[in-house]
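Working notes for the structure below.
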Amino acid sequence: MKVEQFVMAYGAEQDRIRAILPYGFESLRPVLRINTEIRDEKDVYIEFNTPVEHHGKRGWVNIDNWESTKDALSFDRIGRIVRITSPFLTLTYTGVGIEGGCPAEKDNDGCFFLSGRASFRTAEVITVNKELCDCEFAWHFNEGDSHGVSIGKTIPAFMEDIEREYDKVDFTAENAAAIPCRQVLGAYIVRFER
């Protein structure tokens, strides 16, 4: 399968992220991440996740995921711009032609999936170069949901001490999308065969 993967991460208040996490998961950084794949130039898949530690494994916990075969996801291209749309999310990626990496990959055992039957998938090894890109996103679950625009560089994110304890809320994409974006931290595109 030919995969074109678009990855973007944005900074958000870590105490609010902690408030949505299920019991036993520890937030590692004040980050929310959207992974999107265009598969074989026709199907779209989106994951929404955040970095965690759970039972000695460090990686990402999947907040939710969607597929064009079941959900209303689509994409279009205009030159170097790829726009991915759905009723709840709009993403725009523009490749800038510069290769780079992602610091979070060095601290990633894989991804926890909790919907349905809970599982852990080890991190996929991708050896091809990544193309950095500019990115813009907006969640559309509710008015005032998170949105942001990249600033042309990758920004690191570090664990924040607990400053405020929020009431626990359900671990849902709607609750995570309501946490405001502080800044888009970085985005890239990687193309490979799976």
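The values are calculated or read from the model by the stated rules, or taken from the named source; none is laboratory data. Note that the coordinates shown come from a computational prediction; the quantities given were computed from them, not determined experimentally. Note that we place each Cβ from the backbone using ideal geometry, even for glycine, and neighbour counts take in every protein chain shown.
Would you check if there is a residue in segment 158-170 being in contact with a strand residue (DSSP E or B) (Cβ under 7 Å, 6 or more places away or on another chain), surrounded by 11 or more Cβ atoms within 10 Å (Cβ to Cβ) and in contact (Cβ under 8 Å) with a residue 24 or more places away in the chain?
Residues of segment 158-170 in contact with a strand residue (DSSP E or B) (Cβ under 7 Å, 6 or more places away or on another chain): none.
Within segment 158-170, none of the residues are in contact with a strand residue (DSSP E or B) (Cβ under 7 Å, 6 or more places away or on another chain), surrounded by 11 or more Cβ atoms within 10 Å (Cβ to Cβ) and in contact (Cβ under 8 Å) with a residue 24 or more places away in the chain.
May I ask you to list the residues in segment 40-63 that are within 10 Å of the chain's Cα centre (by Cα) and hydroxyl-bearing (Ser, Thr, Tyr)?
Scanning segment 40-63 gives a single hit, 50.
State yes or no: is residue 137 in contact with a His (Cβ under 7 Å, 6 or more places away or on another chain), of a type outside the set (Gly, Ala, Ser), within 27 Å of residue 78 (Cα to Cα) and in a strand (DSSP E or B)? Steps first, please.
Working: in contact with a His (Cβ under 7 Å, 6 or more places away or on another chain): yes; of a type outside the set (Gly, Ala, Ser): yes; within 27 Å of residue 78 (Cα to Cα): yes; in a strand (DSSP E or B): yes.
So residue 137 passes the test.
Any residue in segment 1-12 that is within 22 Å of residue 183 (Cβ to Cβ) and free of Cβ contacts under 8 Å to residues at least 40 places away in the same chain sitting within a Cβ distance under 7 Å of a residue that is basic (Lys, Arg) and assigned to a strand (DSSP E or B)? List the pairs, counting only those 6 or more apart or interchain.
none
Of (1) within 16 Å of residue 12 (Cα to Cα); (2) assigned to a loop (DSSP other than H, G, I, E, B); (3) out of contact with any Pro (no Cβ under 7 Å at 6 or more places or on another chain), residue 157 satisfies all except one. Which?
Failed condition: (3).
Considering segment 1-28 alone, what residues qualify as being in contact with a Ser or Thr (Cβ under 8 Å, 6 or more places away or on another chain) and part of a loop (DSSP other than H, G, I, E, B)?
12, 21
Can you pull out the strands (runs of 3 or more DSSP E) entirely within segment 47-113 that have at least 1 residues that are out of contact with any helix residue (DSSP H, G or I) (no Cβ under 7 Å at 6 or more places or on another chain), modelled with pLDDT of 95 or more and hydrophobic (A, V, I, L, M, F, W, C)?
On the way: elements: 57-67, 74-78, 81-85, 89-100, 110-113.
Ranges flagged: 57-67, 74-78, 81-85, 89-100.
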